[in-house]
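One structure below.
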Amino acid sequence: MKSNHNPSLEDRLAGAAKSRQKALDALRSKPPVDEKVVAARHEARLKRDAAHAEKRNAKSTEAAAAKQAKAHVAAEAATVPAPSTGAELKAARDARYAARKTRK
């Protein structure tokens, strides 16, 4: 009696050939690709890519504008002279504290 648990080399080769033939038959039975559908998909992909590129450019422009505005504010802050009297120092410290509280 032949064991199914331990098939021979010929049995394994026959099974592999049968599986290969089954896969080839399944591949050949697929309908051909319609050129109109392919063209429509390509057009949709181009539109989607263009929209993504436009969005990415707008975002980078916005980020550059924000960075420039931040640099401008920093430059203005650097030009403010440092207070010299005790009252001016206290007022500046209070202003920094208030600004910190409003950020939180």
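FYI, it's all coordinate maths here, none of it is from the lab. Fair warning: this is a prediction, and the values are worked out from it, not measured in the lab. Note that each Cβ is placed from the backbone with ideal geometry, even for glycine, and that neighbours are counted across all protein chains shown.
Is it fair to say residue 12 is of a type in the set (Lys, Arg) and surrounded by 10 or more Cβ atoms within 10 Å (Cβ to Cβ)? Considered against the rule, which asks whether it is of a type in the set (Lys, Arg) and surrounded by 10 or more Cβ atoms within 10 Å (Cβ to Cβ), residue 12 comes out as yes. A residue that is surrounded by 10 or more Cβ atoms within 10 Å (Cβ to Cβ) and of a type in the set (Ser, Thr, Tyr) cannot be found anywhere in the range 25-45.
Listed conditions (1) within 21 Å of residue 99 (Cα to Cα); (2) more than 37 Å from the chain's Cα centre (by Cα) are all met by residue 67, apart from (2).
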